[in-house]
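The structure appears below as structure tokens.
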Amino acid sequence: MSFTVAIDGPAAAGKGTISKAVAARFGFAHLDTGLLYRAVGAKVLAGAAPVAAARALSPVDLERDALRTPAVAQAASEIAVNAEVRAALVAFQHEFACREGGAVLDGRDIGTVICPQADVKLFVTASPETRARRRFDEMVNKGMDVAYDSVLADVRERDARDQSRAASPLVAAEDAILLDTSDLTIEAAVAQAIAAVDAVYPDAG
Ligand code: DC
């Protein structure tokens, strides 16, 4: 049986942590679709043409650490405005969503464009300041030398680009459950997401 959970929202709202926790709780596979865009962005930074890079993408390109830099995040957001790039990444996401045993996909347009028939849709958000603070703390913990103000500026710039692009902009699906994590601990946010899936998942124990 396939069962799809779509989790959308802006950067650093908690989508990744929530998605992993939901996948672990229900035994679903998880795809962080931002990695697809990051992998294309990284190839473009290395000199590739965006559409060709997206068409040639393979699972090994999604190798994690190298894709988690602010420069790659910005490049990902920039190539993500390109409708041909997005089209090249659709089939991989559809196949993943329809796999047997259930899937969680997180991104920006999963509930609206990639999986409009998803069984559960969550839109996870938080204020830009909260999200910038979380990203800043993460970077400092990794030993990176960054200023909070520049992290906040990056968050705002990426939000503006992701929300205003013509191709699949970041927007909550009409039937998505809104989860604002600004004043929630991660444990509370995860519990709410699991409860939302529990309410509709037929085999939930
Ligand atoms: O979730 P992330 O920060 O890894 O995403 C990086 C960029 O990729 C994001 O700014 C916009 C783009 N993206 C997208 O357009 N659609 C998705 N489903 C996922 C990410």
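The table that follows gives values for the structure above.
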| quantity | calculated |
| --- | --- |
| Considering residues of segment 105-117 that are within 16 Å of the ligand (Cβ to nearest atom) and open to solvent by 20 Å² or more (accessible area, probe 1.4 Å) only, the residue farthest from A193 (Cα to Cα) | V113 |
| Of residues in segment 159-176 being open to solvent by 60 Å² or more (accessible area, probe 1.4 Å) and not β-branched (V, I, T), the one farthest from V81 (Cα to Cα) | D175 |
| N141, sole failed condition from (1) polar (S, T, N, Q); (2) open to solvent by less than 70 Å² (accessible area, probe 1.4 Å); (3) over 16 Å from A11 (Cβ atoms) | (2) |
| Members of segment 1-11 found to be crowded, with 24+ Cβ neighbours inside 10 Å and under 9 Å from the mean Cα position of the chain (by Cα), listed by number | I7, D8, G9 |
| Candidates E100, E78, filtered to the one that is within 16 Å of the chain's Cα centre (by Cα), open to solvent by 10 Å² or more (accessible area, probe 1.4 Å) and not small (G, A, S) | E78 |
| Residue tally, condition open to solvent by less than 20 Å² (accessible area, probe 1.4 Å) and under 12 Å from F92 (Cα atoms), over segment 52-61 | 1 |
| Condition broken by A88, with the remaining ones in (1) open to solvent by 30 Å² or more (accessible area, probe 1.4 Å); (2) within 10 Å of the ligand (Cβ to nearest atom); (3) of a type in the set (A, V, I, L, M) satisfied | (2) |
| Unmet requirement for E129, which otherwise passes all of (1) open to solvent by less than 70 Å² (accessible area, probe 1.4 Å); (2) farther than 25 Å from K43 by Cβ; (3) more than 14 Å from the chain's Cα centre (by Cα) | (1) |
| Elements of type helices (runs of 4 or more DSSP H) contained in segment 30-149, each with 3 or more residues being in contact (Cβ under 8 Å) with a residue 12 or more places away in the chain and closer than 20 Å to I18 by Cβ | 34-45, 90-97, 128-141 |
| Residues being open to solvent by 30 Å² or more (accessible area, probe 1.4 Å) and closer than 21 Å to F136 by Cβ - total across segment 17-51 | 1 |
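The values are calculated or read from the model by the stated rules, or taken from the named source; none is laboratory data. All values derive from a computational prediction rather than experimental measurement. Note that we place each Cβ from the backbone using ideal geometry, even for glycine, and neighbour counts take in every protein chain shown. What goes into the accessible areas is simple: the full protein's heavy atoms, side chains included, and nothing from ligands, DNA or RNA. Shrake-Rupley method; radii C 1.70, N 1.55, O 1.52, S 1.80 Å.
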